[in-house]
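A.B. asks: This is the structure I want to talk about, given as structure tokens.
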Amino acid sequence: MDKPDSHYVVPQNRSIREWPETERPREKLIKVGAEALSDGELLAIILRIGNHGQSAEDLGRELLARWGGLPGLDRVHIEELLSFPGLGIAKAAQLKAAIEIGKRVRIQESLPQSFNSYSEVVAYFGPRFEGKRYECFLALLLDGQNQLLAERMITEGIPTQATIYVRRIMEEALRASASSFVVVHNHPSGNPQPSSADDETTKNLKIASEVLNLVFLDHVILGTGSYYSYAEHKRI
């Protein structure tokens, strides 16, 4: 949500160059810091120029209103952004890149040295799945101390057969010489409750891991602001 604007009212149809210097987003950021800027002002710095007589900040505010703030801009597909008047490929790409940078900062800050609980898995993967409109299925491959050896994207986009998940995860675990693993996927619907297909996949992963002497630690499903852990519910 935008922070309250200052008392200064920017006249309509004036470019940012015509604003008082203290009210220009870029100069304001340098003087008082990025955290003091509203969402619209931050977007104005990224967009740089407006469209058809409106300032970059006006354009930024329109985008925020259209898609429900920064989380909405994260979720919206690039093709939808390109359909918005005043947004070309360059501006749309800049917006998506800036949002992704912010998400990656959060991911790197939350990266634990080891994965010993479902809460650590959720903290690590939660930011990465924000805004995903399609299903992703990943595996964390760990050593005997639950240290991360490798992270593998098993499938992304259209769900495939559960048997393919199992085979690929086992192959990747053996290739990485892993001792244990955790699998994570998201439900784009926002509801993390497992489906019958999720239950079947989990069951098959458990059987396969025992055959190969691997430890299957957890299957975590991420929803919108919530999650489901098979280990937490004692179903592994």
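A.B. asks: Pull up the stretch 83-122, narrow it to residues that are part of a loop (DSSP other than H, G, I, E, B) and closer than 24 Å to Leu222 by Cα, then point me to the one that is modelled with the highest pLDDT.
C.D. replies: Step one: of the stretch 83-122, the residues part of a loop (DSSP other than H, G, I, E, B) are 83-88, 111-113, 115-117.
Now drop any that are not closer than 24 Å to Leu222 by Cα, which leaves 111-113, 115-117.
Values: Leu111: 56, Pro112: 58, Gln113: 58, Phe115: 76, Asn116: 78, Ser117: 81.
So, considering only residues that are part of a loop (DSSP other than H, G, I, E, B) and closer than 24 Å to Leu222 by Cα, the one modelled with the highest pLDDT is Ser117.
A.B. asks: Among (1) surrounded by fewer than 16 Cβ atoms within 10 Å (Cβ to Cβ); (2) on the phi < 0 side of the Ramachandran plot; (3) at pLDDT 90 or above; (4) not β-branched (Val, Ile, Thr), where does Met153 come up short?
C.D. replies: (3)
A.B. asks: Can you report the number of residues in the stretch 175-233 which are aromatic (Phe, Trp, Tyr), surrounded by fewer than 21 Cβ atoms within 10 Å (Cβ to Cβ) and under 20 Å from Gln145 (Cβ atoms)?
C.D. replies: Residues meeting the conditions: 0.
A.B. asks: Another one. Which ranges mark the helices (runs of 4 or more DSSP H) fully within the stretch 23-77 that have 2 or more residues being touching a helix residue (DSSP H, G or I) at 6+ places or on another chain (Cβ under 9 Å) and at positive phi?
C.D. replies: none
A.B. asks: For the stretch 222-236, give me the residue count where each residue is in contact (Cβ under 8 Å) with a residue 40 or more places away in the chain and either in a loop (DSSP other than H, G, I, E, B) or touching a Ser or Thr at 6+ places or on another chain (Cβ under 7 Å) (or both).
C.D. replies: Final tally of qualifying residues: 2.
A.B. asks: Sticking with this one: Does Leu217 fit the bill of being assigned by TED's automatic domain parsing to the domain that holds Cys136, within 22 Å of Ser119 (Cα to Cα) and in contact (Cβ under 8 Å) with a residue 40 or more places away in the chain? Explain how you work it out, then say what you get.
C.D. replies: Working: assigned by TED's automatic domain parsing to the domain that holds Cys136: yes; within 22 Å of Ser119 (Cα to Cα): yes; in contact (Cβ under 8 Å) with a residue 40 or more places away in the chain: yes.
Yes, satisfied.
The values are calculated or read from the model by the stated rules, or taken from the named source; none is laboratory data. Being a predicted model, the structure only gives us computed values, none of them experimental. Quick reminder, even Gly has a Cβ in these numbers, built from the backbone with ideal geometry, and neighbours come from all protein chains shown.
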